[in-house]
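FYI, it's all coordinate maths here, none of it is from the lab. Note that the structure is a prediction, hence the values are computed from the model and not measured. Cβ placement follows ideal geometry from the backbone for every residue including glycine, while neighbour counts extend to all protein chains displayed.
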Amino acid sequence: MFTDSMCPVCEREPISPPNKVCLSCYERLKRGEVHERAYYYETWESTRETPEEREKTIEAHIKLDAEEWNRHTGNGLSAVYVIIEILDAVDEECITAAWHRRRIAFVYDLIDRLDKRLFLPAGKDRVRAFMDTALGYWNKTVSDAERKTAVAEMQNLLEKKSLSDWDAKALLLWMAHTEDMFDWMWYQWFDCVHSCVPNEIDDSTWIALFRKHFSEVIQAWVEKSQKEKKI
């Protein structure tokens, strides 16, 4: 049973302050994000670099890994960040239409909990109707023509000409956009979603929603972590 003192990722070990996760989850994520030189020797493939250039490139990546890790752990590692990294790390071949339907259902519940003033001048009924249209499209009950019309109307209402400005309005529109609109964002979906509304709901709500929609994915990561720990 999860308590405030228990790690919200694995729900097995106590939180290790100043982090918001246990030491096991902290170390497991670190192994995946902060790579040693040997990792790059094994994975780096380039026929266009000299050995000296390759060394410099690898050194730069090692430094970047450390800087990124320090940025995310400077004030303690967030459980929300850990779960986002877990979900965005699923194999690319797993990012199917079925997987995206689950991501859209997650965003639906997320937007449902946001202050609807974030979407003005669109009222809450209009926001809900758009969300239902987007969800219907991914569930194949709404046509592509209906989807395009809904996107155009909502984008005009919100005066949202560019989706490069990430906020709640962009997130709403993302629900009805197809893969070709996202490029790399398609594979870092949860990081991008969180970046749209990073401070609008508390961490406990994020975690509850992640567990509602993706509990088995989180659990699989935890189980793998426990196996690695025993080796």
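Within the shell defined by Cβ-Cβ distances under 14 Å, the residues around Ile84 carry a net charge of -3, with Lys and Arg each +1 and Asp and Glu each -1. By the Cβ-Cβ criterion of under 4.7 Å, the unpaired cysteines of the chain are Cys10, Cys25, Cys94, Cys192, Cys196.
Could you give the Stokes-Einstein D for the chain in µm² per second, using the C-alpha Kirkwood radius, 10 °C, 1.306 mPa s? Reported coefficient: 80 µm²/s.
Near Phe130: Cβ cut-off under 13 Å, other residues only, Lys/Arg at +1 and Asp/Glu at -1. The net charge is +3. Convex hull volume per residue, computed on the Cα atoms of the range 92-203, equals 101 Å³. Taking other Cβ atoms within 10 Å as a rough exposure proxy, Asp202, Asp191 sort from fewest to most as Asp202, Asp191.
Taking every DSSP helix (H) stretch of at least 4 residues in the chain, weighting each as -39,500 (n - 2.57) and dividing the sum by the residue count yields a mean residue ellipticity at 222 nm of -19500 deg cm²/dmol.
Remark: the Glu200-Glu59 segment gains 47.0 nm on full extension, using 0.36 nm per residue and subtracting the alpha carbon distance. Students often get this wrong, so check it: of Lys30/Lys160; Lys116/Lys212; Lys124/Lys224; Lys30/Lys161; Lys30/Lys148, which have C-alpha atoms separated by over 30 Å? From the list (Lys30/Lys160; Lys116/Lys212; Lys124/Lys224; Lys30/Lys161; Lys30/Lys148), the Cα-Cα distance tops 30 Å for Lys30/Lys160; Lys124/Lys224; Lys30/Lys161; Lys30/Lys148. Mean sequence separation of contacting Cα pairs (under 8 Å, at least six apart), scaled by the length of the range 92-203, corresponds to a relative contact order of 30 percent. For the chain, what's the relative contact order in percent, using C-alpha pairs closer than 8 Å and at least 6 residues apart? In percent, rounded to a whole number, it is 23.
Please get the size of the charge dipole for the chain, origin at its Cα centre, with Cβ charges of +1 on Lys and Arg and -1 on Asp and Glu, quoted in debye to the nearest 20.
Value, rounded to 20: 780 debye.
May I ask for the net charge around Tyr108, where only other residues with Cβ less than 12 Å from the Cβ of Tyr108 are counted and Lys, Arg are +1 while Asp, Glu are -1? Here the charged neighbours net out to +3. Here the residues Leu110, Leu64, ranked from fewest to most Cβ neighbours within 10 Å of their Cβ, fall in the order Leu64, Leu110.
How high is the FRET efficiency from Ser215 to Glu179, r the C-beta distance, R0 25 Å, rounded to 0.05? FRET efficiency, Ser215 to Glu179: 0.50.
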